[in-house]
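The next block holds one structure in the form of structure tokens; read it before the comments.
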Amino acid sequence: MSEEALPFGEKYYPSLEEYKNLYARSVEDIESFWDERARELVWIKHWDQVLDESQPPFYRWFKGGVTNINLNALDRWIGTPYENKVAYHWEGEPGDRRTITYSELYREVNRFAWALREIVGVKPGDTVTIYLPMIPELPISMLAVTRIGGIHSVVFSGFSAWALADRILDARAKVLITADGFYRRGRVVELKKEADTALRIVAEKGFKVEKVVVVRRAGVDISWSEGINMWYHDLVKEAPEKAYVKPEPRKSDDVLFILYTSGTTGKPKGIMHSVGGYMTYVYNVFKWNWDPKPEDVFWTAADIGWITGHTYIVYGPLMHGETQIMYEGAPDYPKPDRIWAMIEKYGVTVFYTSPTLLRLLRKYGDNWVESHDLSSLRLLGTVGEPINPEVWRWYYTKVGGGKAPIVDTWWQTETGAAMISPAPGLALVPLKPGSATLPLPGIVADVLTADGRPAKPGEKGLLVVRRPWPGMLMGIWGDPDRYVKTYWSRFSRPEEGVWIYYPADYALRDEDGYFWLLGRADEVINVAGHRIGTIELEDAILAHPAVSEAAVVGGPDPVKGEVPVAFVVLREGYEPTPKLEEEVREVVRRLVGPIAVPSRIIFVEKLPKTRSGKIMRRIMIALLKGGEIGDTSTLEDPSAVEAVKKALAQS
């Protein structure tokens with residue numbers, strides 16, 4: 001995977017050597033490094049200790065420090081020219097729009113915070129579950145909750161009632177904020193109905209949410225429980241026009257928010273992030289990732305229901321006074337150029353999205369991209385999964401016009417923000433298509449073999465982080481043992497005082513020290529004793545010019561135990577043929593090896609995905625084996641299941 005790096009950058013950027021020197025200084029004395037970085041922010045009281053390592057792996061940052069994230073995301077801009085700057089250009093799927101300045105956002109957050117405290121009864125330390133679509137009231141709610149010292153738990157609006165109920169119960173949420181409905185692919189999703197079902201499930205399990213705040217978005221009829229349900233617009237009207245809520249002082253190691261992520265068990269993990277550590281890390285990483293400019297129009301094409309949205313739509317951009325795009329609907333609705341049209345219309349300068357979305361849009365062909373002027377773009381980014389080199393090159397040449405560097409980021413819900421990525425805000429290091437490049441300052445990353453030996457250059461192994469960092473999770477809500485077992489037991493040696501964070505991702509480093517992420521360590525196929533990562537096979541298949549998307553799963557085999565089965569979506573203009581099937585096999589044989597060649601290649605019109613773009617491989621495995629497919633409530637398009645069934649029947 002070590003190919004020649006592509007040079008980027010203008011003369012005023014530091015050289016790669018200067019960047020490496022900065023990195024070396026950052027890890028020689030991590031505490032001094034982060035102490036300096038944190039002092040760029042507003043604190044009510046500075047810390048007594050930068051890093052408390054007295055109870056590893058429960059590390060605590062900026063011990064004794066007191067702040068509130070609102071001070072840095074909102075209050076710092078009031079009384080400056082930034083208060084009249086646009087914070088959000090919001091666009092609904094039907095085309096309705098809102099423009100919200102920093103002063104308007106500040107006023108709305110204060111009024112809602114006042115209502116939450118004085119009318120709804122939220123107190124510091126209370127947990128508030130937020131189940132909202134991509135509308136401005138979502139970041140407003142998050143900021144209002146944190147302003148009064150509450151803990152927010154945002155639940156993705158595409159999750160089912162059962163998923164919502166699990167998260168409400170685990171967080172013991174006192175209040176739920178939701179909406180009547182929202183728009184998706186031309187139809188109204190009735191969100192309040194899902195919320196009502198979740199509350200019934202919660203009640204059956206002996207827990208009661210005290211109040212439900214409802215935002216009117218779609219104007220649909222909803223059920224109403226007097227004394228419990230409250231309209232958002234009524235609450236805000238009851239607040240004084242110029243309401244001011246002083247940001248509640250929070251200790252640096254208090255919980256800022258909980259965000260649930262899936263695990264190897266059925267029970268989701270409530271990832272806790274701290275007030276001071278998360279704030280400091282996100283502020284700095286956003287600056288390093290995007291080199292923010294006053295004239296920027298920043299767009300993270302993701303959902304706030306995930307950590308990407310928390311960090312790169314709410315807290316990171318607002319702490320830098322950025323102007324952003326927020327979009328409610330499907331990225332290819334009503335036409336495949338919705339994204340490109342919005343980039344042109346708003347003059348987007350920085351665009352950050354997932355490889356899944358890029359593969360989807362690439363599938364429609366280049367004409368949709370080329371019909372729009374995307375020359376405003378100066379930086380591109382990817383997040384959520386490794387990006388294969390073919391899609392990387394398409395993104396760089398067709399979307400970025402061959403001039404916008406790609407900031408390919410590796411990180412997780414648990415890490416708070418990017419850990420391994422290019423850092424144009426520090427230096428534009430040479431890029432390699434498909435590589436997330438180098439660890440950011442202060443991050444001590446490594447690749448180990450299964451037995452804990454440092455991997456050699458080019459040798460596949462397991463990614464680890466050897467030192468704590470401010471954006472790290474505090475733990476798992478209500479389950480400290482699971483936190484230790486999940487993230488710290490694989491390679492740590494407590495008896496020696498060695499604690500190593502294990503994110504369960506495959507990776508390798510080339511001879512230049514660049515990191516190549518190879519997918520989840522648990523997304524493997526065991527073929528005759530050979531463990532093959534599905535991402536490797538999918539990358540190989542995507543190298544064929546006819547392929548738009550691919551999902552590889554393990555199918556049963558009486559001799560080998562498990563064999564790769566590939567579900568393949570073709571780009572427009574290509575048709576399934578035996579010749580094409582053999583070509584795809586040959587690509588895998590050439591790029592990965594004979595052991596990895598799929599036993600079956602099943603051409604499908606679409607893949608089952610969640611609304612966040614994650615391919616639901618378990619559905620394809622179930623259909624392949626003739627089992628039950630289980631819960632499909634988070635599917636973006638239920639017809640995708642029928643498409644897979646039809647393709648299997650014909651193959």
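The values are calculated or read from the model by the stated rules, or taken from the named source; none is laboratory data. Model, not experiment: these values are computed from the prediction. Please note: Cβ atoms are built from the backbone with ideal geometry, for glycine as well, and neighbour counts cover all protein chains shown.
Okay, here's what the table says:
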read-out	value
Of all residues in segment 186-219 being touching a residue at least 40 places away in the same chain (Cβ under 8 Å) and either touching an Asp or Glu at 6+ places or on another chain (Cβ under 8 Å) or assigned by TED's automatic domain parsing to the domain that holds Ile271 (or both), the one that is surrounded by the fewest Cβ atoms within 10 Å (Cβ to Cβ)	Gly186
Test: Ser157 is buried (at least 20 other Cβ atoms within 10 Å of the Cβ) and not acidic (Asp, Glu)	yes
Segment 555-567, subset among the small types (Gly, Ala, Ser) and touching a helix residue (DSSP H, G or I) at 6+ places or on another chain (Cβ under 7 Å), residue modelled with the lowest pLDDT	Gly555
Scan of segment 369-382 for residues that are outside any loop (DSSP other than H, G, I, E, B) and either surrounded by fewer than 19 Cβ atoms within 10 Å (Cβ to Cβ) or in contact with a strand residue (DSSP E or B) (Cβ under 9 Å, 6 or more places away or on another chain) (or both), ordered by number	Glu370, Leu379, Leu380, Gly381, Thr382
All positions within segment 56-65 that are under 15 Å from Leu473 (Cβ atoms), of a type outside the set (A, V, I, L, M, F, W, C) and not in a strand (DSSP E or B)	Pro56, Pro57, Tyr59
Verdict on Gly497 being touching a Phe, Trp or Tyr at 6+ places or on another chain (Cβ under 8 Å) and either surrounded by fewer than 20 Cβ atoms within 10 Å (Cβ to Cβ) or in contact (Cβ under 8 Å) with a residue 12 or more places away in the chain (or both)	no
Exclusive hit being farther than 29 Å from Pro294 by Cα and crowded, with 21+ Cβ neighbours inside 10 Å, set Pro439, Pro386	Pro386
Given (1) in contact with a strand residue (DSSP E or B) (Cβ under 8 Å, 6 or more places away or on another chain); (2) at pLDDT 95 or above, number of the condition Met1 does not satisfy	(2)
Single match in Asp481, Asp451 (criterion: outside any loop (DSSP other than H, G, I, E, B), surrounded by fewer than 20 Cβ atoms within 10 Å (Cβ to Cβ), of a type outside the set (Lys, Arg) and not assigned by TED's automatic domain parsing to the domain that holds Val50)	Asp481
Options Tyr506, Tyr514, Tyr502; residue that is surrounded by 16 or more Cβ atoms within 10 Å (Cβ to Cβ), more than 25 Å from Pro56 (Cα to Cα) and outside the structural domain of Gly416 (by TED's automatic domain parsing)	Tyr514
Answer residue from segment 594-628, given it is modelled with pLDDT of 90 or more, charged (D, E, K, R) and part of a loop (DSSP other than H, G, I, E, B) and is nearest to Gly305 (Cα to Cα) among those	Lys606
Sole residue being assigned to a loop (DSSP other than H, G, I, E, B), within 30 Å of Arg482 (Cβ to Cβ) and either out of contact with any Phe, Trp or Tyr (no Cβ under 8 Å at 6 or more places or on another chain) or in the same structural domain as Leu164 (by TED's automatic domain parsing) (or both), chosen from Glu226, Glu248	Glu248
Single residue of segment 91-119 satisfying the filter (in a helix (DSSP H, G or I) and in contact with a Gly (Cβ under 8 Å, 6 or more places away or on another chain)) that is surrounded by the most Cβ atoms within 10 Å (Cβ to Cβ)	Leu116
Selected residue (only one of Thr280, Thr261 is buried (at least 21 other Cβ atoms within 10 Å of the Cβ) and either among the charged types (D, E, K, R) or over 16 Å from Leu380 (Cα atoms) (or both))	Thr280
Meets criteria (in contact with a Ser or Thr (Cβ under 6 Å, 6 or more places away or on another chain) and either surrounded by 13 or more Cβ atoms within 10 Å (Cβ to Cβ) or without any contact (Cβ under 8 Å) to a residue 60 or more places away in the chain (or both)) for Tyr88	no
Conditions (1) over 28 Å from Ile271 (Cα atoms); (2) outside any loop (DSSP other than H, G, I, E, B); (3) in contact (Cβ under 8 Å) with a residue 24 or more places away in the chain: number failed by Thr397	(3)
Residues of segment 323-343 that turn out to be touching a residue at least 60 places away in the same chain (Cβ under 8 Å) and either charged (D, E, K, R) or closer than 15 Å to Pro136 by Cβ (or both), as a count	7
Lone unmet requirement of (1) of a type outside the set (D, E, K, R); (2) in the same structural domain as Glu31 (by TED's automatic domain parsing); (3) touching a helix residue (DSSP H, G or I) at 6+ places or on another chain (Cβ under 6 Å); (4) at pLDDT 95 or above for Gly425	(4)
Which numbered condition Gly573 misses (of (1) within 30 Å of Phe159 (Cα to Cα); (2) over 31 Å from the mean Cα position of the chain (by Cα); (3) among the small types (Gly, Ala, Ser))	(1)
